[in-house]
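Enquirer: Got a structure for you, questions after.
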Amino acid sequence: MAIVAPSLLAANFLRLEEECKMLNESEADWFHLDVMDGRFVPNISYGPMIIEFIRKTTRKPFDVHLMILEPEKFAEEFKKAGADHVTVHIEACPNLHRNIQQIKSLGMLAGVAINPHTPVQILQDILQDIDVVNLMSVNPGFGGQKFIPYTLTKIKTLRQRIDQLNLNVKIEIDGGVTLQNAKSIMDAGAHILVVGTTVFKASDPKGVIAELKKL
Ligand code: DX5
Ligand code: ZN
């Protein structure tokens with residue numbers, strides 16, 4: 001069964017409390033929280049303060065996706081704000097192993113995200129140390145973009161490697177996930193679906209989440 005992680009980036013922030021309530025009542029597994037710094041990606045979203053507010057509305061796990069440079073400066077702050085998992089970008093971390101250790105020592109699950117142009121093979125020597133790989137299926141920075149089809153090949157390659165090594169690493173797909181392509185993504189070997197636009201712009205968001213859960 002797919003782990004469904006709606007991304008609040010596509011939510012209506014004027015009605016944030018109701019959006020969170022909807023997710024609470026839905027079959028969504030995690031809240032996916034996209035943090036952007038305007039430096040690693042060409043957009044700015046929100047930070048720990050907003051996450052702290054959202055934390056008051058739910059007990060579901062917080063999957064915090066840091067699209068920021070120097071994430072080590074903020075890991076502790078996100079933990080305090082309520083993060084359960086923190087994912088950092090390999091492209092933003094010259095000392096990635098240290099970032100992973102820091103996240104784990106704070107008692108959180110550690111994820112590594114890679115951009116569409118970054119080969120999955122780069123994860124070879126870090127795979128045994130992490131809990132989640134976020135394979136970006138769009139270029140990070142914005143919601144509502146189109147899924148890059150080559151991601152399916154990357155999922156297959158990575159899943160094979162994980163199974164070969166008998167590791168408990170989950171593959172998360174982030175960007176452009178729809179009701180139309182979700183099945184092929186799961187069939188390729190993914191475990192977690194991040195969904196922004198598909199959920200929040202739907203007339204029946206809970207129904208969409210239920211559909212995705214069936215996969
Ligand atoms: C993109 C973010 C994604 C994004 C997903 O930089 O990491 O989580 O919000 O949104 P959709 O599902 O609209 O592509
Ligand atoms: Zn994300």
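Every number in this text was worked out from the coordinates using simple rules, so none of it is lab data. Only a predicted model underlies this, so the values are computations on that prediction, with no experimental measurement involved. Methodologically, a virtual Cβ is constructed for each residue, glycine included, from the backbone with ideal geometry; neighbour enumeration extends over all protein chains shown.
Enquirer: How far apart, in nm, are the 7 Å Cα→Cβ label points at LYS56 and THR153?
Expert: According to this spin-label approximation, the distance is 4.9 nm.
Enquirer: Go through the stretch 8-14 residue by residue and turn each phi into a ³J(HN,Hα) via Karplus (6.51, -1.76, 1.60, θ = phi - 60°); whole Hz please, and just put x for glycine and proline.
Expert: With the stated coefficients, the stretch 8-14 comes to 5, 4, 8, 6, 8, 6, 6 Hz.
Enquirer: Can I ask one more? Can you work out ³J(HN,Hα) from phi for every residue in the stretch 26-35, in order, using Karplus 6.51 cos²θ - 1.76 cosθ + 1.60 and θ = phi - 60°, giving whole Hz and x for Gly and Pro?
Expert: 8, 8, 4, 8, 10, 9, 9, 10, 9, 10
Enquirer: Which ³J(HN,Hα) values in Hz, rounded to whole numbers, follow from the phi angles of the stretch 152-157 under the Karplus curve 6.51 cos²θ - 1.76 cosθ + 1.60, where θ = phi - 60° and Gly and Pro get x?
Expert: Using θ = phi - 60°, the values come out as 4, 5, 5, 4, 4, 4 Hz.
Enquirer: Based on the Cβ-Cβ distance from THR178 to LEU106, what FRET efficiency comes out when R0 is 30 Å, to the nearest 0.05?
Expert: 0.30
Enquirer: What's the extension gain from ASN24 to LYS214 if we count 0.36 nm per residue and subtract their Cα-Cα distance? Let's see the in-between values first.
Expert: Working: separation 190, 0.36 × 190 = 68.40 nm, distance 1.77 nm.
Gain in length upon complete extension: 66.6 nm.
Enquirer: Could you check the simple spin-label distance between ASN139 and ARG15, using points 7 Å along Cα→Cβ, in nm with one decimal?
Expert: 3.3 nm
Enquirer: Ok, one more. Going by Cα centres, the stretch 1-29 and the stretch 117-167 are how many Å apart?
Expert: Measuring centre to centre over Cα atoms gives 24 Å.
Enquirer: May I ask you to derive the relative contact order of the chain, considering only C-alpha pairs under 8 Å and at least 6 residues apart, and to give it as an integer percent? Mind showing how you got there, number by number?
Expert: On the way: 425 pairs, mean separation 49.0, N = 215.
So the answer I get is 23 percent.
Enquirer: Separate question: Mind scanning LYS104/LYS170; LYS170/LYS213; LYS146/LYS201; LYS80/LYS213; LYS79/LYS170 and naming the pairs with a C-alpha gap bigger than 18 Å?
Expert: LYS80/LYS213; LYS79/LYS170
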